[in-house]
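The values are calculated or read from the model by the stated rules, or taken from the named source; none is laboratory data. Computed from a prediction, not measured in an experiment: that's the story for all the values here. Note that we place each Cβ from the backbone using ideal geometry, even for glycine, and neighbour counts take in every protein chain shown. The area values use the complete protein model at the heavy-atom level, side chains included, leaving out ligands, DNA and RNA. Shrake-Rupley method; radii C 1.70, N 1.55, O 1.52, S 1.80 Å.
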Amino acid sequence: MNTNLVTLPTFFRPKKIDQLIRLGKESDGGYLVNRDDIFESEVLLSFGISDDWSFEYDFYKLNNLDIYAFDGSLTSIFWIKKNISYIRNLKFRHLLKYIQFRYFFKNNKFFKKKFLSSVNDNNNINLENIKNLISGKNFFLKIDIEGHEYRILDDILKIQNNIIGLAIEFHDVDLHLKRIEDFIKKFKLKIIHIHINNYSFDHLKIPNLIELTFSKNFKKEENNFPKHKSDRPNNSSSKDYDIKFNS
């Protein structure tokens, strides 16, 4: 018996594409995306980066487009606490993280200390406001905002005509399954890749964390084998999960 086999509803089943490639780390923070979507995008919008911008770095290596990254948690206190943690855990090479962060986000790569939200104020920004800043351009969205994604799903639908691709992590999936299903049905882009984040599973019937990639460029037939050679467990000390779908 495969204890790492998960059965999911059929609405999660991905569509086929020509080529999936991995962007970001070989662990938590990496996503598989449609290669064509990278080159069709004019802007990358990224929400929730913490101290990991490996996805944005790899995206930019292939297409040196404008990048707008947002994370309201990246304060001076955040970096001080991180550096203390690095020293305590003898991770001295990570002490350069802040310098690397400042070096990467310059020129046409912008960082804004704001949270993605349904409102727009001093601490938050919404998608409609961002769309106005990049009017008329097609963009790729990456969203990892620790459970707040449910607050902005309707906003994503409002601007979906300009979205080329979307990489998003859904949290507490077992509690929000119907909301995710409704979003998938209304979203013009289709799932092309699914991956279970093995940091939080607890052997529930439905995983806590699921990473989905959507694309505007997809084939009509379904992909019956979602596990890809470039998939990696988010937590390298635990096994990855295999997926099958309800018949």
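When restricted to residues that are modelled with pLDDT under 75 and either assigned to a loop (DSSP other than H, G, I, E, B) or exposed (fewer than 13 other Cβ atoms within 10 Å of the Cβ) (or both), region 89-108 contains 6. From the list I180, I194, I206, I184, the lone residue that is assigned to a strand (DSSP E or B) and either surrounded by fewer than 21 Cβ atoms within 10 Å (Cβ to Cβ) or touching a strand residue (DSSP E or B) at 6+ places or on another chain (Cβ under 7 Å) (or both) is I194. If you go through region 10-26, how many residues are in contact with a strand residue (DSSP E or B) (Cβ under 9 Å, 6 or more places away or on another chain) and open to solvent by 20 Å² or more (accessible area, probe 1.4 Å)? Matching residues across region 10-26 total 11.
Taking strands (runs of 3 or more DSSP E) that do not extend beyond region 27-75, which have at least 2 residues that are open to solvent by 40 Å² or more (accessible area, probe 1.4 Å)?
On the way: elements: 31-34, 43-47, 66-70.
In region 27-75, the matching strands (runs of 3 or more DSSP E) lie at 66-70.
Just to check your reading of the model, which residue among N234, N224 is at pLDDT below 90, farther than 23 Å from L62 by Cα, among the polar types (S, T, N, Q) and crowded, with 20+ Cβ neighbours inside 10 Å? The unique qualifying residue is N234. Within region 144-165, being over 22 Å from G72 (Cα atoms) and either surrounded by fewer than 20 Cβ atoms within 10 Å (Cβ to Cβ) or free of Cβ contacts under 8 Å to residues at least 12 places away in the same chain (or both) holds for L157, K158, I159, Q160, N161, N162.
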